[in-house]
1. Can you confirm whether Pro239 is at negative phi and in contact with a helix residue (DSSP H, G or I) (Cβ under 7 Å, 6 or more places away or on another chain)?
2. For Lys137, all conditions in the list (1) closer than 24 Å to Gly316 by Cβ; (2) more than 16 Å from ligand 1 (Cβ to nearest atom); (3) not assigned by TED's automatic domain parsing to the domain that holds Tyr28 hold save one; what is the number of the exception?
3. If only one of Ala332, Ala359, Ala318, Ala364 is within 19 Å of the chain's Cα centre (by Cα) and in contact (Cβ under 8 Å) with a residue 12 or more places away in the chain, which one is it?
4. Would you point out which residue out of Val55, Val76, Val18, Val30 is free of Cβ contacts under 8 Å to residues at least 60 places away in the same chain and either within 16 Å of ligand 2 (Cβ to nearest atom) or out of contact with any Ser or Thr (no Cβ under 9 Å at 6 or more places or on another chain) (or both)?
5. If you check every pair at least six apart or on different chains, which have Cβ atoms under 7 Å apart with a residue in the range 189-210 that is assigned by TED's automatic domain parsing to the domain that holds Ser173 first and a residue that is aromatic (Phe, Trp, Tyr) and more than 12 Å from ligand 2 (Cβ to nearest atom) second?
6. Pairs please, first residue from the range 159-179 and assigned by TED's automatic domain parsing to the domain that holds Leu217 and closer than 22 Å to Gly259 by Cα, second anywhere and assigned to a loop (DSSP other than H, G, I, E, B) and more than 13 Å from ligand 2 (Cβ to nearest atom), Cβ atoms under 7 Å, 6+ apart in sequence or on different chains.
7. Assuming Ala359 fulfils every condition listed in (1) assigned by TED's automatic domain parsing to the domain that holds Pro239; (2) in contact with a Cys (Cβ under 9 Å, 6 or more places away or on another chain) apart from one, which condition is it?
Amino acid sequence: MRTVTVLGSTGSIGCSTVDLLEQARGQYQVRALVGGKNATRLAEQARSLNAELAVVADESAFEQLSALLKGSSTKVACGRQAVIDAAALPADWTMAAITGAAGLEPTLASVRHGKAVALANKEALVCAGDVMLRAVKEAGATLLPVDSEHNAVFQAMADRQLDQVEKIILTASGGPFRKASVAEMEAATPAQALKHPTWSMGAKISIDSATMFNKGLEVIEAARIFDLTEDRIDVLVHPQSVVHGMVQYTDGSLIAQIGSADMRIPIAHTLAWPKRMATTSPRLDLAAYATLEFSAPDEQRFPALRLAREALRAGGAASAILSAANEVAVEAFLNEQIGFLDIARVVERVMTKLGAPPADTLEAVLHWDEQARREALALTPAYAG
Ligand SMILES: NC(=O)C1=CN([C@@H]2O[C@H](COP(=O)(O)OP(=O)(O)OC[C@H]3O[C@@H](n4cnc5c(N)ncnc54)[C@H](OP(=O)(O)O)[C@@H]3O)[C@@H](O)[C@H]2O)C=CC1
Ligand SMILES: CC(=O)[C@@H](O)[C@H](O)COP(=O)(O)O
Ligand SMILES: [Mn+2]
(Lines give C-alpha, C1' and ligand atoms only; values in the text may rest on other atoms or scores of the structure.)
(Ligands and ions follow the chains in the order given, each with its own letter.)
Protein backbone atom coordinates (compact mmCIF):
# COMPACT_ATOMS: atom_id res chain seq x y z
CA MET A 1 0.00 0.00 0.00
CA ARG A 2 1.33 3.50 -0.84
CA THR A 3 1.97 5.78 2.10
CA VAL A 4 0.88 9.42 1.97
CA THR A 5 1.16 12.61 4.04
CA VAL A 6 -0.96 15.74 3.64
CA LEU A 7 0.56 19.05 4.78
CA GLY A 8 -2.20 21.66 5.10
CA SER A 9 -4.92 18.98 5.16
CA THR A 10 -7.51 21.31 6.74
CA GLY A 11 -7.33 23.89 3.92
CA SER A 12 -8.96 24.06 0.52
CA ILE A 13 -6.37 21.90 -1.31
CA GLY A 14 -5.99 19.69 1.76
CA CYS A 15 -9.73 18.94 1.94
CA SER A 16 -9.84 18.12 -1.78
CA THR A 17 -6.89 15.75 -1.24
CA VAL A 18 -8.59 14.10 1.73
CA ASP A 19 -11.74 13.72 -0.35
CA LEU A 20 -9.77 11.83 -3.02
CA LEU A 21 -8.11 9.64 -0.36
CA GLU A 22 -11.55 8.84 1.06
CA GLN A 23 -12.75 7.89 -2.43
CA ALA A 24 -9.74 5.55 -2.77
CA ARG A 25 -10.12 4.04 0.71
CA GLY A 26 -7.89 1.00 1.25
CA GLN A 27 -5.35 2.02 -1.38
CA TYR A 28 -3.34 4.47 0.74
CA GLN A 29 -1.97 4.42 4.27
CA VAL A 30 -1.98 7.92 5.75
CA ARG A 31 1.29 8.62 7.60
CA ALA A 32 0.49 12.15 8.75
CA LEU A 33 -2.10 14.89 8.44
CA VAL A 34 -0.92 18.40 9.28
CA GLY A 35 -3.09 21.46 9.92
CA GLY A 36 -2.57 24.99 11.21
CA LYS A 37 -5.17 25.43 13.94
CA ASN A 38 -8.42 23.78 12.85
CA ALA A 39 -8.38 20.90 15.35
CA THR A 40 -12.00 19.90 14.69
CA ARG A 41 -11.50 19.33 10.97
CA LEU A 42 -8.11 17.69 11.49
CA ALA A 43 -9.52 15.21 14.01
CA GLU A 44 -12.43 14.32 11.67
CA GLN A 45 -9.98 13.70 8.82
CA ALA A 46 -7.64 11.65 11.02
CA ARG A 47 -10.49 9.43 12.19
CA SER A 48 -11.91 9.06 8.70
CA LEU A 49 -8.56 8.10 7.16
CA ASN A 50 -7.18 6.27 10.20
CA ALA A 51 -4.07 8.47 10.08
CA GLU A 52 -1.00 7.40 12.03
CA LEU A 53 -0.26 10.98 13.15
CA ALA A 54 -2.14 14.31 13.32
CA VAL A 55 -0.23 17.55 13.91
CA VAL A 56 -1.47 21.09 14.57
CA ALA A 57 1.01 23.91 14.12
CA ASP A 58 -0.77 26.11 16.63
CA GLU A 59 0.05 24.87 20.13
CA SER A 60 -3.14 26.35 21.57
CA ALA A 61 -5.16 23.86 19.46
CA PHE A 62 -3.34 20.82 20.86
CA GLU A 63 -5.55 20.17 23.87
CA GLN A 64 -8.66 20.15 21.68
CA LEU A 65 -7.01 17.87 19.11
CA SER A 66 -5.89 15.43 21.82
CA ALA A 67 -9.39 15.33 23.32
CA LEU A 68 -11.02 14.79 19.93
CA LEU A 69 -8.67 11.93 19.05
CA LYS A 70 -8.74 10.26 22.46
CA GLY A 71 -9.28 6.52 22.08
CA SER A 72 -8.25 6.49 18.41
CA SER A 73 -5.02 4.97 17.08
CA THR A 74 -3.83 8.38 15.78
CA LYS A 75 -0.87 9.91 17.61
CA VAL A 76 -0.98 13.69 18.11
CA ALA A 77 1.63 16.43 18.16
CA CYS A 78 1.83 20.23 17.90
CA GLY A 79 4.14 23.11 17.09
CA ARG A 80 6.37 24.18 14.25
CA GLN A 81 9.06 21.52 14.77
CA ALA A 82 6.40 18.78 14.96
CA VAL A 83 5.09 19.98 11.56
CA ILE A 84 8.60 19.71 10.06
CA ASP A 85 9.14 16.30 11.71
CA ALA A 86 5.84 15.03 10.29
CA ALA A 87 6.84 16.27 6.83
CA ALA A 88 10.14 14.41 7.19
CA LEU A 89 8.47 11.05 7.89
CA PRO A 90 9.08 8.79 4.90
CA ALA A 91 6.01 8.68 2.66
CA ASP A 92 5.65 7.64 -0.98
CA TRP A 93 3.63 10.78 -1.76
CA THR A 94 3.30 14.06 0.11
CA MET A 95 0.88 16.86 -0.63
CA ALA A 96 2.57 20.20 0.18
CA ALA A 97 -0.42 22.51 0.71
CA ILE A 98 0.47 24.77 3.62
CA THR A 99 -0.12 28.31 2.47
CA GLY A 100 2.67 30.90 2.20
CA ALA A 101 6.31 30.81 3.27
CA ALA A 102 5.21 28.89 6.41
CA GLY A 103 5.20 25.88 4.08
CA LEU A 104 8.82 26.28 2.98
CA GLU A 105 10.65 24.26 5.65
CA PRO A 106 8.03 21.47 5.88
CA THR A 107 8.02 21.18 2.06
CA LEU A 108 11.83 21.03 2.02
CA ALA A 109 11.74 18.34 4.71
CA SER A 110 9.44 16.19 2.57
CA VAL A 111 11.53 16.76 -0.57
CA ARG A 112 14.57 15.49 1.36
CA HIS A 113 13.12 12.00 1.82
CA GLY A 114 13.36 11.59 -1.94
CA LYS A 115 9.88 10.44 -2.96
CA ALA A 116 7.04 12.22 -4.78
CA VAL A 117 6.05 15.69 -3.55
CA ALA A 118 2.86 17.15 -4.98
CA LEU A 119 3.49 20.88 -4.81
CA ALA A 120 0.56 23.24 -4.23
CA ASN A 121 2.52 25.61 -1.97
CA LYS A 122 3.82 27.84 -4.79
CA GLU A 123 5.28 30.41 -2.37
CA ALA A 124 7.88 27.83 -1.25
CA LEU A 125 9.25 27.50 -4.78
CA VAL A 126 8.95 31.23 -5.43
CA CYS A 127 10.90 32.25 -2.34
CA ALA A 128 13.48 29.45 -2.34
CA GLY A 129 13.74 28.28 -5.93
CA ASP A 130 17.45 27.40 -5.98
CA VAL A 131 17.41 25.81 -2.53
CA MET A 132 14.32 23.75 -3.31
CA LEU A 133 15.46 22.56 -6.74
CA ARG A 134 18.90 21.65 -5.38
CA ALA A 135 17.23 19.61 -2.62
CA VAL A 136 15.01 17.85 -5.19
CA LYS A 137 18.10 16.92 -7.24
CA GLU A 138 20.19 15.80 -4.27
CA ALA A 139 17.41 13.63 -2.83
CA GLY A 140 16.28 12.27 -6.20
CA ALA A 141 12.75 13.43 -5.35
CA THR A 142 9.97 13.98 -7.89
CA LEU A 143 8.23 17.34 -7.84
CA LEU A 144 4.70 17.04 -9.24
CA PRO A 145 2.99 20.38 -9.96
CA VAL A 146 -0.50 20.69 -8.44
CA ASP A 147 -1.22 24.31 -9.33
CA SER A 148 -3.83 23.96 -12.09
CA GLU A 149 -1.85 25.86 -14.75
CA HIS A 150 1.43 24.07 -14.02
CA ASN A 151 -0.26 20.71 -13.82
CA ALA A 152 -1.84 21.50 -17.20
CA VAL A 153 1.55 22.36 -18.71
CA PHE A 154 3.07 19.24 -17.12
CA GLN A 155 0.34 17.14 -18.72
CA ALA A 156 0.72 18.92 -22.08
CA MET A 157 4.46 18.22 -21.99
CA ALA A 158 4.13 14.51 -21.26
CA ASP A 159 6.49 12.44 -23.43
CA ARG A 160 7.68 15.49 -25.33
CA GLN A 161 11.12 17.05 -25.39
CA LEU A 162 11.67 20.26 -23.44
CA ASP A 163 14.04 21.42 -26.20
CA GLN A 164 11.11 21.40 -28.63
CA VAL A 165 9.06 23.72 -26.45
CA GLU A 166 8.88 27.29 -27.73
CA LYS A 167 6.88 28.73 -24.86
CA ILE A 168 4.19 27.95 -22.34
CA ILE A 169 0.96 29.83 -21.66
CA LEU A 170 -0.62 30.13 -18.22
CA THR A 171 -4.25 31.16 -18.20
CA ALA A 172 -5.68 33.62 -15.64
CA SER A 173 -9.33 34.07 -14.76
CA GLY A 174 -8.79 37.83 -14.37
CA GLY A 175 -10.28 37.58 -10.87
CA PRO A 176 -13.27 39.50 -9.48
CA PHE A 177 -11.93 42.86 -10.75
CA ARG A 178 -11.28 41.84 -14.34
CA LYS A 179 -13.60 44.57 -15.60
CA ALA A 180 -13.37 46.97 -12.64
CA SER A 181 -12.18 50.58 -12.97
CA VAL A 182 -9.17 51.82 -11.00
CA ALA A 183 -11.56 53.80 -8.77
CA GLU A 184 -13.57 50.65 -8.03
CA MET A 185 -10.39 48.72 -7.27
CA GLU A 186 -9.14 51.49 -5.00
CA ALA A 187 -12.35 51.15 -2.93
CA ALA A 188 -12.61 47.34 -3.09
CA THR A 189 -13.45 45.56 0.17
CA PRO A 190 -12.02 42.22 1.34
CA ALA A 191 -15.45 40.61 0.82
CA GLN A 192 -15.48 41.74 -2.83
CA ALA A 193 -11.87 40.67 -3.41
CA LEU A 194 -12.46 37.25 -1.85
CA LYS A 195 -15.26 36.50 -4.30
CA HIS A 196 -13.41 34.55 -6.96
CA PRO A 197 -15.45 34.13 -10.16
CA THR A 198 -14.51 30.51 -10.96
CA TRP A 199 -12.52 28.80 -8.19
CA SER A 200 -13.25 28.10 -4.52
CA MET A 201 -9.95 28.59 -2.65
CA GLY A 202 -8.35 29.77 0.60
CA ALA A 203 -8.32 33.48 1.49
CA LYS A 204 -4.70 34.30 0.64
CA ILE A 205 -4.71 32.85 -2.87
CA SER A 206 -8.14 34.39 -3.52
CA ILE A 207 -6.76 37.87 -2.81
CA ASP A 208 -3.69 37.02 -4.92
CA SER A 209 -6.01 36.14 -7.80
CA ALA A 210 -7.80 39.47 -7.40
CA THR A 211 -4.52 41.45 -7.56
CA MET A 212 -3.07 39.00 -10.11
CA PHE A 213 -0.10 38.44 -7.79
CA ASN A 214 -1.22 34.83 -8.05
CA LYS A 215 -0.36 34.87 -11.75
CA GLY A 216 2.89 36.70 -11.01
CA LEU A 217 3.85 34.02 -8.47
CA GLU A 218 2.83 31.40 -11.04
CA VAL A 219 5.14 32.87 -13.71
CA ILE A 220 8.02 32.51 -11.23
CA GLU A 221 6.82 29.03 -10.22
CA ALA A 222 6.69 27.96 -13.88
CA ALA A 223 10.17 29.31 -14.57
CA ARG A 224 11.49 27.12 -11.73
CA ILE A 225 9.52 23.96 -12.54
CA PHE A 226 10.03 23.97 -16.30
CA ASP A 227 13.43 25.69 -16.34
CA LEU A 228 12.24 28.46 -18.67
CA THR A 229 13.25 32.09 -18.88
CA GLU A 230 10.57 34.69 -18.17
CA ASP A 231 10.15 35.64 -21.85
CA ARG A 232 9.00 32.07 -22.65
CA ILE A 233 6.11 32.18 -20.17
CA ASP A 234 3.01 33.99 -21.43
CA VAL A 235 -0.15 34.83 -19.50
CA LEU A 236 -3.56 34.97 -21.14
CA VAL A 237 -6.72 36.12 -19.41
CA HIS A 238 -9.36 33.44 -19.90
CA PRO A 239 -12.44 34.20 -17.73
CA GLN A 240 -14.06 30.75 -18.12
CA SER A 241 -11.12 28.90 -16.41
CA VAL A 242 -11.64 25.90 -18.67
CA VAL A 243 -8.28 25.88 -20.47
CA HIS A 244 -5.73 25.76 -17.66
CA GLY A 245 -2.42 25.85 -19.49
CA MET A 246 -0.88 25.36 -22.91
CA VAL A 247 2.45 24.41 -24.43
CA GLN A 248 3.52 25.81 -27.78
CA TYR A 249 5.97 23.60 -29.68
CA THR A 250 8.54 24.59 -32.29
CA ASP A 251 6.32 23.23 -35.09
CA GLY A 252 3.55 25.67 -34.12
CA SER A 253 1.37 23.09 -32.35
CA LEU A 254 -0.38 24.31 -29.21
CA ILE A 255 -1.28 21.53 -26.75
CA ALA A 256 -3.74 22.48 -24.00
CA GLN A 257 -5.12 20.76 -20.93
CA ILE A 258 -8.83 21.46 -20.44
CA GLY A 259 -11.15 20.53 -17.59
CA SER A 260 -13.62 21.71 -14.95
CA ALA A 261 -12.44 24.24 -12.38
CA ASP A 262 -12.04 21.54 -9.72
CA MET A 263 -8.67 21.12 -8.04
CA ARG A 264 -9.39 17.45 -7.39
CA ILE A 265 -8.50 16.87 -11.06
CA PRO A 266 -4.86 18.07 -10.91
CA ILE A 267 -4.48 16.64 -7.39
CA ALA A 268 -5.68 13.24 -8.62
CA HIS A 269 -3.25 13.49 -11.53
CA THR A 270 -0.34 13.85 -9.11
CA LEU A 271 -1.68 11.23 -6.68
CA ALA A 272 -1.97 8.52 -9.33
CA TRP A 273 1.02 9.68 -11.41
CA PRO A 274 2.37 8.18 -13.65
CA LYS A 275 -0.99 6.40 -13.95
CA ARG A 276 -4.46 7.94 -13.74
CA MET A 277 -7.25 7.41 -11.23
CA ALA A 278 -11.02 7.74 -11.52
CA THR A 279 -12.56 10.83 -9.90
CA THR A 280 -16.13 12.00 -9.40
CA SER A 281 -15.17 15.56 -10.47
CA PRO A 282 -17.71 17.24 -12.78
CA ARG A 283 -17.09 16.45 -16.43
CA LEU A 284 -16.72 19.49 -18.62
CA ASP A 285 -19.62 20.07 -21.01
CA LEU A 286 -17.89 22.16 -23.67
CA ALA A 287 -21.14 22.53 -25.61
CA ALA A 288 -22.54 24.46 -22.63
CA TYR A 289 -19.98 27.21 -23.24
CA ALA A 290 -21.05 29.52 -26.05
CA THR A 291 -17.56 31.01 -26.25
CA LEU A 292 -14.16 30.70 -24.69
CA GLU A 293 -12.44 34.08 -24.42
CA PHE A 294 -8.73 34.89 -24.32
CA SER A 295 -7.09 38.32 -23.99
CA ALA A 296 -3.81 39.90 -22.92
CA PRO A 297 -3.60 40.97 -19.25
CA ASP A 298 -3.84 44.66 -18.37
CA GLU A 299 -0.53 45.42 -16.63
CA GLN A 300 -1.59 48.97 -15.82
CA ARG A 301 -4.46 47.94 -13.55
CA PHE A 302 -2.62 44.80 -12.42
CA PRO A 303 1.04 45.77 -11.80
CA ALA A 304 1.67 42.45 -10.03
CA LEU A 305 2.60 40.71 -13.26
CA ARG A 306 5.22 43.32 -14.12
CA LEU A 307 6.65 43.15 -10.58
CA ALA A 308 6.90 39.36 -10.69
CA ARG A 309 8.64 39.43 -14.05
CA GLU A 310 11.07 42.05 -12.71
CA ALA A 311 11.78 39.88 -9.67
CA LEU A 312 12.38 36.83 -11.82
CA ARG A 313 14.79 38.69 -14.08
CA ALA A 314 16.60 40.22 -11.10
CA GLY A 315 17.16 36.80 -9.48
CA GLY A 316 18.67 36.30 -6.00
CA ALA A 317 16.24 37.06 -3.19
CA ALA A 318 14.02 39.35 -5.29
CA SER A 319 11.24 36.76 -5.63
CA ALA A 320 11.41 35.90 -1.91
CA ILE A 321 11.15 39.61 -1.12
CA LEU A 322 8.17 40.05 -3.46
CA SER A 323 6.37 37.05 -2.01
CA ALA A 324 6.99 37.93 1.66
CA ALA A 325 5.97 41.59 1.18
CA ASN A 326 2.86 40.40 -0.63
CA GLU A 327 1.95 38.04 2.26
CA VAL A 328 2.16 40.92 4.74
CA ALA A 329 0.22 43.29 2.46
CA VAL A 330 -2.54 40.72 1.84
CA GLU A 331 -2.92 40.20 5.57
CA ALA A 332 -3.09 43.98 6.13
CA PHE A 333 -5.73 44.30 3.39
CA LEU A 334 -7.80 41.46 4.88
CA ASN A 335 -7.59 43.23 8.25
CA GLU A 336 -8.79 46.41 6.53
CA GLN A 337 -5.57 48.26 7.39
CA ILE A 338 -4.70 49.12 3.79
CA GLY A 339 -6.62 49.41 0.53
CA PHE A 340 -6.72 46.87 -2.29
CA LEU A 341 -4.37 48.76 -4.63
CA ASP A 342 -1.98 49.41 -1.73
CA ILE A 343 -1.01 45.73 -1.85
CA ALA A 344 1.03 46.22 -5.05
CA ARG A 345 2.29 49.61 -3.84
CA VAL A 346 3.70 48.04 -0.66
CA VAL A 347 5.30 45.19 -2.62
CA GLU A 348 6.90 47.53 -5.15
CA ARG A 349 8.34 49.80 -2.45
CA VAL A 350 9.81 46.86 -0.52
CA MET A 351 11.30 45.43 -3.74
CA THR A 352 12.85 48.79 -4.62
CA LYS A 353 14.31 49.16 -1.14
CA LEU A 354 15.76 45.64 -0.78
CA GLY A 355 16.76 44.84 -4.38
CA ALA A 356 18.02 41.40 -5.32
CA PRO A 357 20.67 40.26 -2.79
CA PRO A 358 22.10 36.71 -3.17
CA ALA A 359 19.90 33.94 -1.71
CA ASP A 360 21.41 30.57 -2.46
CA THR A 361 21.04 29.10 1.04
CA LEU A 362 17.97 28.50 3.17
CA GLU A 363 19.38 30.85 5.81
CA ALA A 364 19.73 33.66 3.25
CA VAL A 365 16.18 33.09 1.97
CA LEU A 366 14.78 33.17 5.52
CA HIS A 367 16.81 36.30 6.29
CA TRP A 368 15.44 38.20 3.28
CA ASP A 369 11.94 36.89 3.90
CA GLU A 370 12.13 38.39 7.39
CA GLN A 371 13.60 41.69 6.15
CA ALA A 372 10.86 42.02 3.52
CA ARG A 373 8.15 41.34 6.13
CA ARG A 374 9.68 43.98 8.42
CA GLU A 375 9.80 46.57 5.60
CA ALA A 376 6.24 45.78 4.48
CA LEU A 377 4.90 46.00 8.04
CA ALA A 378 6.64 49.34 8.52
CA LEU A 379 4.95 50.63 5.35
CA THR A 380 1.40 49.57 6.13
CA PRO A 381 0.66 52.57 8.43
CA ALA A 382 1.62 54.85 5.51
CA TYR A 383 -1.27 53.43 3.52
CA ALA A 384 -3.72 52.98 6.38
CA GLY A 385 -7.11 54.72 5.96
N1 LIG B 1 -6.97 26.49 -3.17
C2 LIG B 1 -6.61 26.27 -4.42
O3 LIG B 1 -7.46 25.95 -5.28
C4 LIG B 1 -5.18 26.38 -4.84
C5 LIG B 1 -4.18 26.60 -3.91
N6 LIG B 1 -2.87 26.64 -4.30
C7 LIG B 1 -1.82 26.86 -3.31
O8 LIG B 1 -1.94 25.85 -2.31
C9 LIG B 1 -1.57 26.37 -1.04
C10 LIG B 1 -2.75 26.16 -0.09
O11 LIG B 1 -3.85 26.94 -0.55
P12 LIG B 1 -5.31 26.78 0.07
O13 LIG B 1 -5.58 25.34 0.33
O14 LIG B 1 -6.22 27.55 -0.77
O15 LIG B 1 -5.12 27.55 1.46
P16 LIG B 1 -6.01 27.46 2.78
O17 LIG B 1 -5.84 28.75 3.48
O18 LIG B 1 -7.38 26.98 2.46
O19 LIG B 1 -5.28 26.29 3.61
C20 LIG B 1 -4.00 26.46 4.14
C21 LIG B 1 -3.61 25.25 4.95
O22 LIG B 1 -2.36 25.50 5.58
C23 LIG B 1 -2.51 25.33 7.02
N24 LIG B 1 -1.57 26.20 7.68
C25 LIG B 1 -1.57 27.55 7.71
N26 LIG B 1 -0.50 27.98 8.38
C27 LIG B 1 0.19 26.89 8.79
C28 LIG B 1 1.38 26.69 9.51
N29 LIG B 1 2.11 27.71 9.98
N30 LIG B 1 1.81 25.41 9.71
C31 LIG B 1 1.08 24.37 9.26
N32 LIG B 1 -0.06 24.50 8.57
C33 LIG B 1 -0.49 25.75 8.33
C34 LIG B 1 -3.97 25.65 7.28
O35 LIG B 1 -4.40 25.12 8.52
P36 LIG B 1 -5.70 25.66 9.33
O37 LIG B 1 -6.77 25.97 8.32
O38 LIG B 1 -6.01 24.50 10.21
O39 LIG B 1 -5.28 26.86 10.11
C40 LIG B 1 -4.60 24.93 6.09
O41 LIG B 1 -4.60 23.56 6.30
C42 LIG B 1 -1.23 27.85 -1.27
O43 LIG B 1 0.16 27.98 -1.40
C44 LIG B 1 -1.92 28.19 -2.58
O45 LIG B 1 -1.29 29.21 -3.30
C46 LIG B 1 -2.50 26.47 -5.62
C47 LIG B 1 -3.46 26.28 -6.58
C48 LIG B 1 -4.87 26.23 -6.28
C1 LIG C 1 -6.90 26.85 -9.18
C2 LIG C 1 -5.63 27.54 -9.39
O3 LIG C 1 -4.68 26.98 -9.88
C4 LIG C 1 -5.53 28.94 -8.98
O5 LIG C 1 -4.19 29.36 -8.93
C6 LIG C 1 -6.32 29.72 -9.96
O7 LIG C 1 -5.64 29.74 -11.16
C8 LIG C 1 -6.58 31.08 -9.46
O9 LIG C 1 -7.24 31.84 -10.37
P10 LIG C 1 -6.61 33.04 -11.20
O11 LIG C 1 -6.42 32.50 -12.58
O12 LIG C 1 -7.69 34.07 -11.10
O13 LIG C 1 -5.35 33.46 -10.56
MN1 LIG D 1 -3.11 28.41 -10.31
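1. no
2. Checking Lys137 against (1) closer than 24 Å to Gly316 by Cβ; (2) more than 16 Å from ligand 1 (Cβ to nearest atom); (3) not assigned by TED's automatic domain parsing to the domain that holds Tyr28, the one that fails is (3).
3. Answer to the selection: Ala318.
4. Val55
5. Cβ pairs passing all conditions: Pro190/Phe333; Ala193/Phe340; Ile207/Phe333.
6. Ile168/Leu228
7. With respect to (1) assigned by TED's automatic domain parsing to the domain that holds Pro239; (2) in contact with a Cys (Cβ under 9 Å, 6 or more places away or on another chain), Ala359 is out only on (1).
Conditions tested, residue by residue: (1) surrounded by 15 or more Cβ atoms within 10 Å (Cβ to Cβ); (2) at pLDDT below 95.
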| site | (1), (2) |
| --- | --- |
| Leu254 | no, no |
| Ile265 | yes, no |
| Ala268 | yes, no |
| Met277 | no, no |
| Ser281 | yes, no |
| Ala288 | no, yes |
| Pro297 | yes, no |
| Arg306 | yes, no |
| Arg309 | yes, no |
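The values are calculated or read from the model by the stated rules, or taken from the named source; none is laboratory data. Because the structure is a prediction, the values reported are computed rather than measured. Note that we place each Cβ from the backbone using ideal geometry, even for glycine, and neighbour counts take in every protein chain shown.
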